[in-house]
Amino acid sequence: IRDTQTMAHLLNKGTTKLSLLAWEVGREIDSVGDLLKPAQTMLDLSPEVVAKKCCVDAMTTFALYLEWKDKIDMSYFLTEMELIPILFKMSKRGIKVDQEARGKLEQKLEKEVGFYRELCEAEGFNPGSAQQVGYILAKRGNFLPISKGGRSLRTGKEILEFVDDPIAGLVLTYRRTASLLNTYIKPLSGEPRAYTDFHTDAITGRISSTGRDQEAFIRNMQNIPQGEPRGIYLPDSGVFTDFDYTQLELRILAYLSKDLDMQWIYEREGDIHAETATALNISRRIAKNVNFGMVYGATAQTLKETAKIRDAKKAQQLIHDWFIKYKGATEWIKEQQSSGARDGYVTTLYGRKIALPVGEESPDAIDRKAVNYPIQGSAAEIVKRAMIKCKDLDLVLQIHDELLIDGQVELPEGLESIAPFYTPISIKEIDRWE
């Protein structure tokens, strides 16, 4: 398989639409949308028009392959290609649904949604209406930012999480429960299996999943929360083997930055969150959020979102204290932010260059992505290579740094040494997804 769509991603083309890339090889082609203007589907067009479209697209695709093949790291590209049949097989196999457990969970969630809705209605507003939510919160003295259009108040999760009002918490709980019910539980009623399609088109290269147009529709199985919602999925063999890389992104940060403190903690199998908690004089729970917040961008805004810290000054102080604790990581983060803004790209562990949206997004956003992209991209590279090692096993799902396999299996050797540093894994056997 040679996929020019993947080539376009690796070359940071900014688009994978053939109609927009054809100019690179001196061609001009019609998009499907343009062809269908007088028709509803391709079946409504004449065979001659359809045949010509197929031939022109195929010739253009091959021309792009010839144009790009000497501009790309072919070894890296072929590794990405090994993943395609694995993801295709996972997308087709699906995962068994326990209808009894699903039905019980649906009843439970419907009661919860009804209960939360009644509480909101007793306060005089509909929790499903963003306009009414904004009105009631503003009426209660809360400040909410105005939307870009200037016609309404913003009531998104990122806003309500920092509103110190029980109504905001109630609305978030209602939305979370209703979304879980309507997105992941109800659509599977009567369906023996659930399916999701896997993709490698995320900017960082991380594998994503989306729903498909059929009744057994799941939007993104990687986003299903742990606990009961995952417990409705069963292995065909009677047992799942689940393995997960332990603190993979933090270990990547330790390696890339050559931070001596972080490396020492990992070499002696210490608890980095406990070490951070002691150094920053905070709880281990907050320290864990701070550590991962630094991985996701190392800015006060990132820390506010990941650690749920409402006070911007407190968030900035924690970053300052973390920088003192981990000096090597601090130097690397600052260099990433500086070079990212200057060069317009960052580089992953395996040498892939990922473009940054310099000039398109705010400097703060560029700083966050200059830190997170190489870490998240490197983690994706390691997990993809682990999946290739496990390709002969019955792979069911990939969830960030975790792989779910159907069957009681012996994992291939070398999963902890794919990267140039030790990446320990935790393994467990379970009778349903957790």
Exercise. Once you have the Cα-Cα distance between GLU48 and SER208, take 0.36 nm times their residue separation minus that, and quote the gain in nm to one decimal.
Key: 53.9 nm
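List the trypsin sites (Lys or Arg not before Pro) within the stretch 81-186 that DSSP assigns to loop and that have no more than 13 neighbouring Cβ atoms inside 10 Å.
When the trypsin sites (Lys or Arg not before Pro) of the stretch 81-186 are filtered for loop state and at most 13 Cβ neighbours within 10 Å, ARG140, LYS148, ARG151 remain.
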Practice problem: For the stretch 132-225, just the Cα set please: Rg and Dmax, both in angstrom. | Solution: 17.4, 49
Quiz item: Along each of its three principal axes, how wide is the spread of alpha-carbon positions in the stretch 1-146, in whole angstrom units, largest first?
Solution: 65, 40, 39
Practice problem: Over the Cα atoms of the chain, compute the convex hull volume and normalise it per residue, giving Å³. | Solution: 190 Å³
Practice problem: Provide Rg over Rh for the stretch 229-286; use the alpha carbon set for both Rg and the Kirkwood Rh (inverse mean inverse pair distance). | Solution: 1.19
Practice problem: Taking 7 Å along the Cα-to-C-beta vector as the label spot, tell me the ARG154-CYS55 distance in nanometres, rounded to one decimal. | Solution: 5.3 nm
Quiz item: Which trypsin sites (Lys or Arg not before Pro) from the stretch 327-401 combine a DSSP loop assignment with at most 14 other Cβ atoms within 10 Å?
Solution: LYS391
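Can you tell me how much longer the chain between SER362 and LEU66 gets when fully stretched, taken as 0.36 nm per residue apart minus their C-alpha distance, in nm with one decimal? Display every interim value, and only then the final one.
Numbers: separation 296, 0.36 × 296 = 106.56 nm, distance 3.65 nm.
Stretched out fully, the SER362 to LEU66 stretch lengthens by 102.9 nm.
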Quiz item: When all alpha-carbon pairs of the stretch 110-185 are counted, what percent fall beyond 22 Å?
Solution: 20 percent
Quiz prompt | Label-point separation, ALA39 to LYS258 (7 Å along Cα→Cβ), nm | solution = 6.1 nm
Quiz item: Can you flag which of LYS111/LYS148; LYS327/LYS369; LYS288/LYS327; LYS334/LYS369 are past 24 Å Cα-Cα?
Solution: LYS111/LYS148
Quiz prompt | 3J(HN,Hα) from dihedral phi, the stretch 221-231, Karplus parametrisation 6.51/-1.76/1.60, rounded to Hz, x for glycine, proline | solution = 5, 5, 9, 5, x, 5, x, 3, x, 7, x
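Set the Förster radius R0 to 25 Å, insert the Cβ-Cβ distance between GLN316 and ASP271 as r into 1/(1 + (r/R0)^6), and round the FRET efficiency to 0.05. Before the final figure, lay out each step's value.
Working: r = 25 Å, r/R0 = 1.01.
With R0 = 25 Å, the Cβ-Cβ based efficiency is 0.50.
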Quiz item: In nm, to one decimal, how far is the modelled label at SER189 from the one at ASP165, with both set 7 Å along Cα→Cβ?
Solution: 3.5 nm
Practice problem: Select from the stretch 102-205 those chymotrypsin sites (Phe, Trp or Tyr not before Pro) which occupy a DSSP coil region and have at most 15 other Cβ atoms within 10 Å, ordered by residue number. | Solution: PHE143, PHE162
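None of the figures in this text is laboratory data; all of them are computed from the coordinates on show. This is a predicted model, so every value here is computed, not measured. In this analysis, Cβ positions are derived from the backbone assuming ideal geometry, glycine residues included, and neighbour counts consider all displayed protein chains.
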